[in-house]
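Here is the structure we will look at, set down as structure tokens.
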Amino acid sequence: MTDLEVRTDKAIATLGLEAKVRLLTGATNFTLHPEPSAGLAEVVLSDGPTGVRGALFTGGRIACQLPNATLLAQHWDTTVAAQAGALLAEEAAAQRVHVVLGPTVNLHRTALNGRLFEEFSEDPLLTGALATAYINALQEHGVAATLKHFVANEAETDRKTVNSLLDERTLREVYLLPFEMAVADANPWAVMAAYNRVNGTPATEHMELIAGVLKGEWGYDGLVMSDWYAATSTVESADAGLDLIMPGPAGPWGDRLVAAVRRGEVAESTVDEQVRRLLRLADRVGAFGTQRQWPSEGPAPDSAERREVLRRLAAGGMTVLVNRASTLPLAAEGNIAVIGRHALETVTQGAGSAEVRPPHVVGIADGITQALGADRVTVVDGVEVRRDPLTAVEGSLRDPETGELGMRVVTRDAVGEVIESRHVGWTELFTRESPWVRSAVTIELTAEVALAEPARMQVGVRGRGEWTFSAPGHFERVRLERVDDAGEVLRLPYRTVTLRLEPGARITAVATAEPEERVIGLAARRAPKPPAVAIGAAVRAAREADVAVVVVGLTPEQETEEVDKLTLALPGEQDALVAAVAAAAKRTVVVVNAATPVLMPWLDRVDAVLWAGLPGQEAGAAVAAALTGEIEPAGRLVTTFPARDGDGPVWSPVPVRGKVSYGEGIAVGHRGWHSARTEPLFWFGHGLGYTEWAYGEAELAVADDMIRSVRVEVTNTGGRAGREVVQVYWRPEAEPVRLVGWTGIDLEPGRTASVDVPVDARLLRRWQDGAWQQLPGTGEVLIARGLGDIRATLPAAN
Ligand code: BGC
């Protein structure tokens, strides 16, 4: 017996049933119960894939904000995924966090999914390989990864109830594959069971998938936790192989599980096995037995070291979609007009549990101005891009008492006496995370509007409840109801008014404290201008410049957990803005600040398009480096971009009578696009970089009638050093095409290299009649730079 087994057996033998069961539900939102008598310390969990955000949902601690998952994935580079994992591990250690709730390996099944930004790709192989590298790097540092969400969780509409219907082949070959790869090659210490049902059974109760496939067939020895509030049953979830209910301390286990064991409905050995897995996780992260030594604080999130890594991670994944007449990189001379709301209010992350509060955000306009010099750059705001006023834009509100950014929160009793007055360094408050507001009868939020000169502002209040709202010359009472199509935390009801305000104007919102938990806050932003006014100013600036850089994009209203999109069109009048600028400017470069596909009706009228993703805290510095060529934006797309709403193998994410049928089967993403022969706007794998590539002789290595690797000569025929991603696709006979391998290579101009692309054998199988079979090794092998640019086609069988 190993030392761990001895300690575990001892703990299980000494703890009574209640004590054991208590450990199997979280203690709070993001912590697990300690059990000092058994040598178990508190285990701390934190979201998520793009940064370690800590224990608070709103206004949490400052942490590095990484580029989003698609931007990282666009490097097509496992060493980049490993770099992200290692950085997250250091950030976790600095916060004393044992378990990071990521990576997300659900796939881009439909471009409308609001949560795509958190997932790597539409392709299971790319996803599985990147997740593996990311997990290995995290766990090498003693921090657990949590592979999520297990499984068939590819949309947000009705996410807590939707029933995903898939045949066994599709499940195995596509949606389980990234999980299978990561379990085999990285052994994540935790897995999160999803909200949805799979073929009728809630994922948290899915015995066939959790006990059967994951723990049985794959031999997984880690812990399976529920997604937050996902588990509702006692016996079914415990028997299915779920090990931990999150969050806590309430939940469907506790006393109910104790009673079920006493009644003989759940075997006590099941509870012992759950405790065993929990203690194994705790041991792995240094919270069971000898406690881990945390390193002394690592580099701060705004240190030069972190900033440089984050800038490179973002810029290198950015993708050149179009580059006519070598418009990019920008020339060393000439005037640039930087235009667009996203240039000024750059979107660096999607919304939801992956949100991180960064130390700063380098906006795109600032980044370009810093890189090129203020004398070359003019900055012009664009059209309005948001429908709702979100949290007050950072820096727009100040606590009137201290002058610090944020607001003053005053709680009062029934006769209006002040109970407490506090500064909150954020303009939202989650009452669940603020126990000090609970005894209040009213909660008053006050802030001063930070303005240099008088301006028309849209100000107001956000969050459910009975409110009074006052501002200079304005007073109203309002009742805000829950927005019923989404959660309480992400989509808040709001009420705003537009007023001309003087610098220092004070706004106050008073709510009657309600027993229920909710997020409340203040809203403030500059009043939107009519689109024609914004477009007029943009056109004037574009005419004067040598190059117009128009920055457009999505916002967290589209790229968010809990809500799917209805269209891929850019919000607001951004398409009209681009078209007008393109008509006026000598040259137009469009920078798209979004993670997931958008329509580009102006594509033929612009000279270049840089896909910038959601670049994280160093956004502007990274965009500037990519535009100037200081860092090659060497990304390749990780998802196919439809040309029109409705195109592609899968469109609507909306369940029909509670069900989403994965009827396209294994032909998801580029596989489906290729068989349908519909031309997308851009193919999966597309990306131009800044140099040119020629492909020479290609050769297959075949063993046992199956392709094992491909060797091909590539030459950098352009004028700059660059990175090429050699992609190998296989089209088995009568089957959709599939990515089977890729290799990235960095080459100086004029150099040739022989590139080996290993083929992953897991892509050469077919799930049939309940077992894996090797597919016949016939068909075609395509060597490509995305399926729109195939450089060689070879018969698969020699
Ligand atoms: C999300 C998970 C996340 C959890 C904790 C859920 O809503 O689906 O991905 O880890 O919340 O914040």
**Study point:** Unique match (being within 16 Å of the ligand (Cβ to nearest atom), among the hydroxyl-bearing types (Ser, Thr, Tyr), open to solvent by 40 Å² or more (accessible area, probe 1.4 Å) and under 30 Å from Asp255 (Cβ atoms)) among Thr161, Thr146
**Key:** Thr161
Exercise for review: Among the residues of the stretch 251-265, write down those that are open to solvent by 20 Å² or more (accessible area, probe 1.4 Å), part of a loop (DSSP other than H, G, I, E, B) and in contact (Cβ under 8 Å) with a residue 12 or more places away in the chain.
Suggested key: Gly251, Glu265
Exercise for review: Pick out the one residue from Gly114, Gly85, Gly48 that is open to solvent by less than 10 Å² (accessible area, probe 1.4 Å) and more than 18 Å from Ala351 (Cβ to Cβ).
Suggested key: Gly85
Study note, to complete from the structure: Arg324 passes all but one of the listed conditions (1) among the basic types (Lys, Arg); (2) crowded, with 19+ Cβ neighbours inside 10 Å; (3) assigned by TED's automatic domain parsing to the domain that holds Asp375; (4) farther than 30 Å from Val361 by Cβ; the exception is number (2)
Review point. Looking at (1) in contact (Cβ under 8 Å) with a residue 60 or more places away in the chain; (2) aliphatic (A, V, I, L, M); (3) in the same structural domain as Arg438 (by TED's automatic domain parsing), which is the one condition that is false for Ala537?
Key: (3)
Practice item. Would you mind telling me which numbered condition in (1) open to solvent by less than 10 Å² (accessible area, probe 1.4 Å); (2) within 16 Å of the ligand (Cβ to nearest atom); (3) among the aromatic types (Phe, Trp, Tyr) Tyr175 fails? Key: (2)
Review point. If you go through the stretch 579-632, how many residues are among the β-branched types (Val, Ile, Thr) and in a loop (DSSP other than H, G, I, E, B)?
Key: 4
Review point. With respect to the numbered conditions (1) under 30 Å from Thr110 (Cβ atoms); (2) touching a Leu at 6+ places or on another chain (Cβ under 6 Å); (3) of a type in the set (Lys, Arg), which one is the sole condition not fulfilled by Arg482?
Key: (2)
**Study point:** Count - residues of the stretch 187-245 that are surrounded by 23 or more Cβ atoms within 10 Å (Cβ to Cβ), in a helix (DSSP H, G or I) and away from the ligand (no atom under 16 Å from the Cβ)
**Key:** 7
Check your understanding: Which of the residues belonging to the stretch 119-143 are outside any helix (DSSP H, G or I) and within 16 Å of the ligand (Cβ to nearest atom)?
Key -> Glu119, Phe120, Val143
Exercise for review: Check Arg432, Arg438, Arg412 and return the single one that is open to solvent by 50 Å² or more (accessible area, probe 1.4 Å), charged (D, E, K, R) and under 20 Å from Ile507 (Cα atoms).
Suggested key: Arg412
Check your understanding: Is at least one residue of the stretch 336-358 surrounded by fewer than 18 Cβ atoms within 10 Å (Cβ to Cβ) and in contact (Cβ under 8 Å) with a residue 12 or more places away in the chain?
Key -> no
Point to revise | Residues satisfying the stated conditions in the stretch 94-123, i.e. under 30 Å from Ala282 (Cα atoms) and of a type in the set (A, V, I, L, M) | key: Ala94, Val97, Val99, Val100, Leu101, Val105, Leu107
**Study point:** The one condition in (1) open to solvent by 30 Å² or more (accessible area, probe 1.4 Å); (2) at pLDDT 95 or above that Asn798 fails to fulfil
**Key:** (2)
Review point. When only residues in the stretch 266-306 that are within 28 Å of the chain's Cα centre (by Cα) and open to solvent by 70 Å² or more (accessible area, probe 1.4 Å) count, which is modelled with the lowest pLDDT?
Key: Glu297
Review point. Just checking, how many residues over the stretch 28-45 are open to solvent by 20 Å² or more (accessible area, probe 1.4 Å) and either out of contact with any strand residue (DSSP E or B) (no Cβ under 7 Å at 6 or more places or on another chain) or more than 16 Å from the ligand (Cβ to nearest atom) (or both)?
Key: 11
Point to revise | Pairs with Cβ under 8 Å, 6+ apart, first in the stretch 152-164 and closer than 19 Å to Gly665 by Cβ and free of Cβ contacts under 8 Å to residues at least 60 places away in the same chain, second away from the ligand (no atom under 13 Å from the Cβ) and not in a loop (DSSP other than H, G, I, E, B) | key: Asn153/Ser164
Review point. Quick check: anything in the stretch 692-703 closer than 30 Å to Gly629 by Cβ and within 24 Å of the chain's Cα centre (by Cα)?
Key: no
Check your understanding: Here are some residues: Ala92, Ala63. Which one is within 15 Å of the ligand (Cβ to nearest atom) and farther than 26 Å from Trp611 by Cα?
Key -> Ala92
Exercise for review: Look through the stretch 97-111, keep the residues that are more than 25 Å from Asn187 (Cβ to Cβ) and open to solvent by 10 Å² or more (accessible area, probe 1.4 Å), and return whichever of them is nearest to the ligand (Cβ to nearest atom).
Suggested key: Arg109
**Study point:** the stretch 773-787, residues that are open to solvent by 60 Å² or more (accessible area, probe 1.4 Å) and touching a residue at least 24 places away in the same chain (Cβ under 8 Å)
**Key:** Gln774, Pro776, Glu780
Review point. Inside the stretch 654-771, counting only strands (runs of 3 or more DSSP E) that do not spill past its ends, which hold 2 or more residues that are of a type in the set (Lys, Arg) and open to solvent by 10 Å² or more (accessible area, probe 1.4 Å)?
Key: 706-716, 722-731, 765-768
Practice item. Return the residue satisfying two criteria in turn: it lies in the stretch 329-344 and is closer than 14 Å to Val623 by Cβ and either at pLDDT below 95 or under 26 Å from the mean Cα position of the chain (by Cα) (or both), and of such residues it is nearest to the ligand (Cβ to nearest atom). Key: His342
**Study point:** Subset of the stretch 250-259 (residues that are within 16 Å of the ligand (Cβ to nearest atom) and on the phi < 0 side of the Ramachandran plot)
**Key:** Ala250
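The values are calculated or read from the model by the stated rules, or taken from the named source; none is laboratory data. The shown structure was predicted, so the numbers you read here are calculated from the model rather than taken from an experiment. In this analysis, Cβ positions are derived from the backbone assuming ideal geometry, glycine residues included, and neighbour counts consider all displayed protein chains. Side chains are part of the model used for accessible areas, which takes the heavy atoms of the whole protein and leaves out ligands, DNA and RNA. Shrake-Rupley method; radii C 1.70, N 1.55, O 1.52, S 1.80 Å.
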